[in-house]
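Comments concern the structure below.
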Amino acid sequence: MIHFNRNHININPIKYDQFIKKRNENSLPNYSQKCEELIAKKLSVKKSIVKLTNSCTSALEFVSQIADFGVNDEIIMPSFTFVSSANPFVLRGSTPVFVDVDKETMNLDPKKIESAINNKTKAILFVHYAGFGQNIEEVAAIAKKNNLLLIEDAAQAIGSFYNKRALGTFGDFACFSFHSTKNISCGEGGCVVVNNRKYFNKVNIVYDKGTNRDSFFKGEVRKYQWLSKGSSYPVSEYTSFFLYNELLQEKNINSKRRAIWNQYYKSLKKLKTDGFTFHNMIF
Ligand SMILES: Cc1ncc(COP(=O)(O)O)c(C=O)c1O
């Protein structure tokens, strides 16, 4: 049987023992912060805010909340995607407007977007299908021209680039997944990248239950308070410890995946010459 996916978790037992020891001594480094810094480095973003979340779905919910999506808003997204692209916006009463994908790239078809824009359109959500960024530059230009937010659903795109620029750096926001089906995984997990400065002052508040607990931890306030609406997006130290170790192994993980891909390619190539058609650009 061919498995849909095999989860790559490769933790050195010594590292894990040290983690538990430090955990018991209350002297753990902040692994969430370490992951966020490493992701920012991988994306080459110095000015964006990266926050780990419990999943890509919750990262998208974070975006829908921070950008204040409501009942009068429409959001354009591809008709070919996973349910989590739409759910976070539907939960806030917004309407997803599905636009067809381009057959060659399986990403949003830029030619079909403008006819779907009206005065209720608030954003375009671009899915980097299978980690491919084709069409993102054209879609970013359309979003800019029409004064719309651009949200990258980069669930499948950690470590992917388009024209040497990391996916997740084109939009106002980007959301990644670290679910066990993804290249880099911690079982369940995700992260949000906030590229648009306009939202920076709300990030830590919405992220942590509408409170200024972040300022409290930084010693900026004596007590933390409930300031506005928010939810709970942080991940546990256990999850971030596992994720940090996986992020460090990205090169190995991807080269192993590439070797497996090449093996499939070699074995299945013949089918194409035999007249089978494959969608997508991999052949
Ligand atoms: C395009 C897309 N968006 C969102 C998600 C949701 O990711 P998660 O399972 O981390 O919530 C997925 C998961 O496969 C996905 O493929």
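Count the DSSP beta bridges whose two residues both fall in the chain, then state the antiparallel fraction as a percent rounded to the nearest 5.
Taking every DSSP beta bridge with both residues in the chain, the antiparallel ones total about 50 percent.
Taking every pair of alpha-carbon atoms in the range 73-149, what share in percent sits in each 10 Å bin, from 0 to the bin with the longest distance?
Taking every Cα pair in the range 73-149, the percentages come to 21, 56, 23, 0.
So what is the relative contact order for the range 99-163, in percent, with contacts set as C-alpha pairs under 8 Å and at least six apart?
The value is 34 percent.
To the nearest 20 debye, what charge dipole does the chain have about its Cα centre, counting +1 at the Cβ of each Lys and Arg and -1 at the Cβ of each Asp and Glu?
Here the chain has a charge dipole of around 760 debye.
Any idea what the dipole of the range 75-144 comes to, in debye rounded to 20, about its Cα centre with Lys/Arg Cβ at +1 and Asp/Glu Cβ at -1?
Using Cβ point charges on Lys, Arg, Asp and Glu, the range 75-144 gives about 340 debye.
For the ranges 195-201, 229-235, what's the packing order if you count other beta-carbon atoms within 10 Å of each residue, average per peptide, and put the highest first?
The most tightly packed comes first, giving 229-235, 195-201.
How compact is the range 1-153 by the rule of thumb for globular proteins, expressed as Cα Rg over 2.2 N^0.38 Å?
1.29
May I ask you to list the lysines whose Cα is less than 21 Å away from that of LYS22, ignoring any residue fewer than eight positions away on the same chain?
LYS34
What Kirkwood radius, in Å to one decimal, follows from the Cα pairs of the range 143-193?
11.5
From the C-alpha gyration tensor of the chain, pull out the three semi-axes of the equivalent ellipsoid (sqrt of 5λ each), sorted largest to smallest, in whole Å.
In descending order, the three semi-axes are 32, 28, 14 Å.
Taking Cα pairs under 8 Å and at least six residues apart, what relative contact order does the chain come out at, in percent?
Once normalised by length, the contact order is 21 percent.
Take the Cβ-Cβ distance between LEU91 and ASP214 as r, set R0 to 22 Å, and report the resulting FRET efficiency rounded to the nearest 0.05.
0.35
What is the ratio of the Cα radius of gyration of the range 125-261 to 2.2 N^0.38 Å, where N is its residue count, to two decimals?
1.21
If you find the alpha carbon centre of the range 63-139 and of the range 197-233, how far apart are they in angstrom?
Cα centroid to Cα centroid, the span is 28 Å.
Identify all lysines with a Cα-Cα distance to LYS41 below 21 Å; exclude those on the same chain that are fewer than 8 residues away in sequence.
LYS51, LYS164, LYS182, LYS251
Here, each number is a calculation from the coordinates, and none is a lab measurement. Worth saying up front: this structure is predicted, and the values here are computed from it rather than measured. Counting neighbours? That spans all protein chains shown, and the Cβs are built from the backbone with ideal geometry, glycine included.
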